[in-house]
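The values are calculated or read from the model by the stated rules, or taken from the named source; none is laboratory data. What you see is a predicted model; the values in this text were computed from it and never measured. Note that we place each Cβ from the backbone using ideal geometry, even for glycine, and neighbour counts take in every protein chain shown. Surface accessibility is based on the protein's heavy atoms, side chains included, excluding ligands, DNA and RNA. Shrake-Rupley method; radii C 1.70, N 1.55, O 1.52, S 1.80 Å.
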Amino acid sequence: TSLKDLSKDAMPANVGLVVKNGRVTDTQFDLPLAKCNHTYLSGTTGSGKSYLGRVIVEEAALYEDLNILVLDPANQSAGLLVPEDRESILSQYPDFGMKPESARGFDFKYYAPGQSIGKQLPRDLSLLGNGRTVLCCKGLNDRERCKLFYDVLDAIFEDYSREESSTLRLLIVIEEAQRFTKKKVTEDAKAAGAQAENALDRMAREIRKYGCYINVQSQTIKDFSRDSASIRQ
């Protein structure tokens, strides 16, 4: 099936316009969320991966029955909650066929345990996989951040793996995923980092058949150890 012929069941997400021979065309590019296995966005700081990740989240939010969880180590996703107000960003809206005044916030639950703001984390962490949620890990040290990441993914895996699904039920977006890996944490957090990375690798390997789709963002695939074969592949 051609991308231009995607049905609504494929959950197309408009992520921009096609570039051909170095020129931006008028052809819209739709990412078929429900048809993807998982996706990986790679790029250095300032390359635009977080921007594209946010576009994917905003487009996914248009599907009312789709649960969305954003795992964010640096609080970059807090902006989802309020309308965009940066002139440098709003000035680019017309390039995507949008009007600057169309900027809006999204109704996400927000948790930031390391900053003691937002909602209090539920005792049952699998509940974070229901509805629309941003979990900010800013303020947590490396060990605390990786442990919470592991606990959340483990709880969600146990919850969703009870029933296989051909329908996409949950999108998990992981910002700056390198901060949940054993290569990128302090020495005292290596064990927690390895545990977190293993949890992500299991999700990448097994969770799609249960209706969950992962969008991973990091600076380079080399952030992940060779043990994380499913991620690297």
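Under unit Cβ charges (Lys, Arg +1; Asp, Glu -1), what dipole magnitude, rounded to 20 debye, does the chain have relative to its Cα centre? Don't skip to the end; give the middle numbers.
Values: 32 positive and 33 negative charges, 114 e Å.
Result for the chain is approximately 540 debye, rounded to the nearest 20.
Relative to the longest principal axis of the Cα atoms of the chain, helix 49-60 runs at roughly 80 degrees.
Accessible area, 1.4 Å probe, largest first: how do E164, E59, E175 sort?
Details: E164 120, E59 45, E175 10 Å².
Sorted descending by solvent-accessible area, the residues read E164, E59, E175.
Relative to the globular-protein estimate of 2.2 N^0.38 Å, the Cα radius of gyration of region 1-73 stands at 1.19.
Å³ per residue of the Cα convex hull, for region 97-233?
On the way: hull volume 20.3 nm³, N = 137.
Cα-based convex hull of region 97-233, divided per residue, equals 148 Å³.
Between the residues A191, T220, S161, the greatest Cα displacement towards the positive end of the dipole of region 151-233, with unit charges on the Cβ of Lys, Arg, Asp and Glu, is found for T220. Relative to the dominant Cα principal axis of the chain, helix 190-206 is inclined by about 50°.
For A74 and T186, what does the FRET efficiency come to when R0 = 22 Å and r is the distance between their Cβ atoms, rounded to the nearest 0.05? Walk me through the intermediate numbers first.
Working: r = 16 Å, r/R0 = 0.75.
My answer for the efficiency is 0.85.
Residues Y93, Y213 ordered from highest to lowest accessible area at a 1.4 Å probe: Y93, Y213.
Projected over all directions and averaged, the alpha-carbon convex hull of the chain occupies 13.4 nm². Radius of gyration (Cα atoms) of region 147-195, expressed as a multiple of 2.2 N^0.38 Å: 1.39. Secondary structure note: in the chain, about 30% of the DSSP beta bridges are antiparallel.
Of all the options S88, S77, S166, the one that moves most in a Gaussian network model of the chain with Cα springs shorter than 10 angstrom is S88.
Compute the semi-axes of the equivalent ellipsoid of region 100-159, taking the square root of 5 times each eigenvalue of the Cα gyration tensor, and list them largest first in whole Å. Before the final figure, lay out the partial values.
Working: eigenvalues 104, 50, 20 Å².
Semi-axis lengths for region 100-159 are 23, 16, 10 Å.
With just the Cα atoms defining each centre, how far is region 1-80 from region 128-148? Give it in Å. That distance is 22 Å. To the nearest ten degrees, helix 142-160 and the longest principal axis of the Cα atoms of the chain are 70 degrees apart. When the chain is described by a simple charge dipole with +1 on each Lys and Arg Cβ and -1 on each Asp and Glu Cβ, the residue from V134, I207, N21 located farthest towards its positive end is N21.
Here the Gaussian network model covers the chain, with springs between Cα atoms less than 10 Å apart; of G129, G114, G97, G97 fluctuates the most.
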